[in-house]
Every structure is written in structure tokens, then in C-alpha cells.
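First the structure, in the form of C-alpha cells, and then the observations on it.
The values are calculated or read from the model by the stated rules, or taken from the named source; none is laboratory data. Remember, it's a predicted structure, so these values are computed and weren't measured experimentally. With ideal geometry, Cβ positions are generated from the backbone for all residues, glycine too; neighbour counts draw on all protein chains shown. These area figures cover heavy atoms from the full protein model, side chains too; ligands, DNA and RNA do not enter into them. Shrake-Rupley method; radii C 1.70, N 1.55, O 1.52, S 1.80 Å.
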Amino acid sequence: MIKHENDERDGWEGIRHSLGLKPSGMRQWIRDHISSQDPELSGTKYAGLTSVEIARQIHKLSHSLESLYKKYSERIKIREDDLLELLSIYGKGQEIPGEVFYDPKTSKDVNIAAQDPQNISPEEDRAEVASSWITKNARELEGKIIMSLSMEGNLPVLQDYPLVQDANTKGGLGAYEGDKGQAMADISGRPGVNHAGNSRIVKDSSGKICLEWASEDGMHPIVVQPGYAYIIKGGEKIKVDYDALVKDGIMEKVLVGKDAIKVRAWDEDPEARTEDEEDRNNPKVPVEVYRVNNAGTWVYIFRSPKVFDILYNENRVRRFTQEIVFGKAVYQFAKRLNIIPDILHLNEAHTVVAAAQMRADDRFNDMAIVYTVHTLVPAGLETFSAASLKTNVDRMMYVLGLPAAKAEKFRSIFLRPDGVVDFCFAAMKLADIINAVSDEHARAVKKLFKNMYGDEFNKPVVGVLNGSGPAWKSDRLKDLEEKKGAPASEDELMTIRNECKKEVYQEICHRTGVRLDPDKPTFWKVSRLVDYKSQYPMLRFLVHILTADRDKKF
């Protein structure tokens, strides 16, 4: 199957390169030529063929799956005619050319989850719900600046640049941080428009670069992360091309060249060392600032190739350098652009140096700090020993760059009695509130922090569910399960289903504001299927059911 998949991919990639298209453009090309030919392919073996006919030809020429078809033919039948029928039912969207969408005028026999049958477009429905979220749930956030910091971020806007995307993410935190751009734009009160357009980079009368908000409406989100220069693939260190992003208009310059931020690193990291006549032991390193519009939220990307080389570098000296340089650069960035966040959001303890730098400056006295604990393992609870960095704790504290008048106060926040510089402890002490990613996770965080820090742990921890809501089960079914353990038969379960059907759809309407017709079949989309996690363990027992003929029962 892998051989077949590779052959198919190579076939399509060959066509894409001959057409000079990016991956997203190729998907659009396939849609546009489902029933038409492309003259650009004249002179090739695909001349005169539609994309459907090309798909059949590529499939036929790829590594044979005949043995698999024979083995599973009784259980699995995949008919492309069914897929083409779906396209004919749903048609091509007019608002988003080429996108498959549900049109209640041409297909009134089905529900699409989160689609109001009463001819309200998805964009209108989303705008109505999202624009009122701040007003209804958190009016105190109107006009507030929220700055979110993370050492990684998988940004959907970079999907056509896979090396850049992969270099800047390792797992769940990266996916979460990337998805948050859309979520922050939605609840900021300006969905359906480019909310990133609500802020602009300007120069004041003295020529100083600063960030200016065009409106006080909604919430003002800012996301900041490093941009890593290399990615390791197959044991090889590959350089990432950010210049292509600038050339293609995806990334724009903010503070670069002579305007770049300069912060002090330390000479214990020889790779990060630069020529600095003023202080050779604590050399300044340049950090350039760029930004991309990620689904309506500006993400500011800090580039310093000698420091931000590889994400989560296993070299502890380099890791420490990355985190102190990032933290100090965030502070300088906020000062340079005159950004005074109302809330500073720390994703993991890796970003705590920024919080310390800003808390040491009186201009940020009114800023609240939220510390999100994502991972309850040592990799997420960042600590550094003097031995691992081949230095001493005084040197480690000095390089944090905190003002001398407040150094002793912050020393007690970072330095533990065993001589370990503990970023997790510092984040806990500096935060006004700590959150975990579910109620269960919050209980685990409280237990762990209590064991680690005893009475010094005295901050509230709340669970904020990441991506999904509490499960719903009908009272009728719960009562039956308590009494009998489970429905006795399929008929009994269907009886409960029919009795509770109206209640279920009322619950959907209550949660989403969307009214679905209980008498129609309903299609549900699961949005938390991500490409970096294997779906095989979950789906391997279901594939034959999902792809079976309609008249087959299981």
C-alpha cells in the first residue's frame, strides 16, 4: 500500500511541477478540471484528460493492489462514482470558488452539522455567534491586548512551505498555538474579516517604529514565537528558506537589518557568540522580527539563526541560550513597538524569562500573567543545572539580564535551594493564575506542584478544555445504564434514540446556536484529526464499516 501511495503521489507531483503550481493550487486545479481538460497538459501523456480520468490513469499505473483487492473484496468496496455523486449533490461554492459546500436549495434531504438549514450561510452564522462572544462572556476583555508566547507554533498559513512549518513545531503545543490564531480572531469580535488588519506598523514623528490599533473593538491578540533556521530530517541538518515567504508576500518585515533587536547572550554558547567590542563575555546577538497573518491574527516571528537554530535543541547550553534570548527579545520588542499587554500568556515555562523581564519594569505593572501547563513531564517543566551548562548559578542568574535593583528578588523566584534554576517554579510564582488543558489535567497539575514545591505553591489552577466540550448523554439512557448496565437489544436502543431525538437537537442548538432538523440524517465533521498523530489505532476496526455498501449491516 505504501508503494502504491508513493507512486500515486509521484504521479500527481509530476503534474504539479509541470504546471508550476503550489500544493494548495494543485488541489484547486483538480477541482476545476473534474469535468474539463487543461490545454497546459497538451503534449503530455495526460493531454485531453479530466482530473478524474487522470486519477484513474495514475491509479492504474501505480503499484498494483490487486492482491489486496482480492483479499478484502468481500468486505471493502470503494466506488469513485459515490464520490462524484457527492460532488454533484453539493456542487461548487460561489463564495469560495471551488470549495465543496452545502446548498440547502439543491439538497434539502440532509443536515450538515453546524449548518443552519434556514438558509443562513456558514460565514453569517459564525460571525453572529463569534462577534457576541466577548460581549456575552468576557466584556472585560473588550479592547484588551493579549500577548501569547510559545517556543513553537504550527501555522496553517505556512502549509505550502512544509519545511518552515515542520521546523517550527514538534507536537500538540505547536498545533494548539497555530489553531489559536483562528480562535483568537473569531472571539475578538471581528470574524469574517481580516482581524489582523486591526493593527498596523507605523512610524511616529521621530521615525520610531510602533504598533497602532485601528479600532478599540473586540480583543487585540498578538502571538510571538521564534523562527528556527534548520530542521533535522533523516539525520541531516537542512536549512529553512524564510526568504521565499517574504518574496511570496506571506511574511513581512517588521524590525530587520539595522532596526533588529539586539540582546545579550553569553559566551558559554560559542555558536551564538558575535563580535562585540563592548562586552565580549556577554555578546549582543541580533534578533530580527517578521510577522505573518495566521487566520486573522498577527504572529510575530523572531529570527536569530545562530541562536534559534533547531527547535528544542538537545544541547542544554543552546536551549538555555534560546530561552533567555527569546525572553529578553520579547521584552525589547514590546518596548520598541510600545505594546503594553493587558495579559501575557505563557505557553509552558520555557517563555518565563519574558515575564520576569516585563515584571521588573514598572510600565508593565498592570499586566496580568497566565501560565498554561501543557505537558506534565520534565521536558515541559523546564529546569537547568549549573553542571549541565558548565557554569555556576551566579552566572546563570546574571545572564537573565534583570535590573540590579531587583536582581535579588528575582533570584529567589528562579533559584531553588538545590542550586537548580527552575523556570517552572518562576512561572508559577510570577503567574496570576495557572491553567491546565482540562479539569482532570488541572487536578494533576495541582498534585504535582504541591509535591514539588510544598507550601510555596499557592496559585489557583483552572482547567480550560482544549478543543472539545463535555460529553452529553440523555437522562433516559443514563437511567437505563444504572439499572441494567446497557440496553438489552438494538430495538431498545433505537426506542431510546427516537424518544430523545428532540432533546439531542435542542442541546445542539443550545451549545452552538444552530438549529438542525431532527428528521433528517446528519453528517458530523470531526475536526481534531491531525496529520502528526496516527489515526490507525482508532480507525483500523472501522474502515470496513465506513466504506461498506449501504445495504450492509454490522
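Key figures
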item	result
Members of region 489-515 that are among the charged types (D, E, K, R), without any contact (Cβ under 8 Å) to a residue 24 or more places away in the chain and surrounded by 13 or more Cβ atoms within 10 Å (Cβ to Cβ)	492, 497, 501
From the options 326, 302, 308, residue that is part of a strand (DSSP E or B), open to solvent by less than 10 Å² (accessible area, probe 1.4 Å) and touching a Pro at 6+ places or on another chain (Cβ under 9 Å)	302
Number of the condition not met by residue 221 [criteria: (1) modelled with pLDDT of 90 or more; (2) in a strand (DSSP E or B); (3) open to solvent by less than 60 Å² (accessible area, probe 1.4 Å)]	(1)
Extreme residue, nearest to residue 153 (Cα to Cα), among residues of region 208-218 that are at pLDDT below 75 and open to solvent by 30 Å² or more (accessible area, probe 1.4 Å)	213
Helices (runs of 4 or more DSSP H) (entirely within region 349-414) containing at least 2 residues that are in contact (Cβ under 8 Å) with a residue 60 or more places away in the chain	352-359, 386-389, 393-399
In region 264-287, residue modelled with the highest pLDDT [restricted to those that are assigned to a strand (DSSP E or B) and open to solvent by 50 Å² or more (accessible area, probe 1.4 Å)]	286
Residue that is part of a strand (DSSP E or B) and open to solvent by 10 Å² or more (accessible area, probe 1.4 Å), where the choices are 451, 435	435
